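> Questions regarding the structure given below will be posed in turn.
FYI, it's all coordinate maths here, none of it is from the lab. Not measured: the values here are computed from a predicted model. Using ideal geometry, Cβ is built from the backbone for each residue, glycine included, and neighbour counts are taken over all protein chains shown.
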Amino acid sequence: MSPGNQASESEAAAPMAACVALEAMRRRVCLSRLAVLTAIAAGPVALGVAIISAPTTAGAAAAAKPTAGRTTAAAADPPGCAQLFVGAWLLSSAGDATSAQARRAQSMASDVELPGPVAGAQSKPQSVIAVRSAQREGGTWSVTVAAHHADGSVCYYADGAGETGDSFTPGAR
């Protein structure tokens, strides 16, 4: 070979170094793609693991049997029942016994008469709140309910609820 046809070592090394640099760059791109695809695939895999492990905890909760028993006075919430009754009773009228409030009051205490129209009576209450409750002997409750009216006045009503919380004997105070 003639000296003009032979390339110097430095000229041959330059393309070789460029190939090595391109190969290293290609590997980094491939590894980056693999890392991103692994992160994306981890989401559904984690969801699958969560779904597969969920029936064991849900099965344990479903296996618990509900207890059959009589509702106690604490479960019946006498202050809440008295508040609902007084609110329904005050918003009902003996002249309209078919209204929703009148039916609610009658369903809670059928032996209590609905209020009739009275000249100079208070307007309908804005809010009704149970303010005091106490359990008496024999499983009965005494509940005091306050009715707040638009003119700023407050009327108090006392309800007595039986052991099951289903009978009322209201009276105004």
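> Compute the length gained on full extension between CYS155 and SER127: take 0.36 nm times their separation in residues and subtract their Cα-Cα distance, giving the result in nm to one decimal.
Contour length minus Cα-Cα distance gives 9.0 nm.
> What FRET efficiency do you get for ALA134 and VAL112 if R0 is 25 Å and r is their Cβ-Cβ distance, rounded to the nearest 0.05?
Details: r = 21 Å, r/R0 = 0.85.
Given R0 = 25 Å and the Cβ-Cβ separation, E is 0.75.
> Then there's this: Please turn the phi angles of region 33-49 into ³J(HN,Hα) values with the Karplus equation 6.51 cos²θ - 1.76 cosθ + 1.60 (θ = phi - 60°), one per residue in order, whole Hz, x for glycine and proline.
Those phi angles translate into 4, 4, 5, 5, 5, 5, 5, 5, 6, 5, x, x, 5, 5, 5, x, 5 Hz.
> Give, in nm to one decimal, the length gained when the segment between ALA18 and ALA35 is fully stretched (0.36 nm per residue of separation minus the Cα-Cα distance).
Result for the pair: 3.5 nm of gain on full extension.
> Using each residue's phi in region 82-88, evaluate 6.51 cos²θ - 1.76 cosθ + 1.60 at θ = phi - 60° and report the 3J(HN,Hα) Karplus result to the nearest Hz, with x for Gly and Pro.
Computed from phi, the couplings for region 82-88 are 5, 4, 4, 5, 5, x, 5 Hz.
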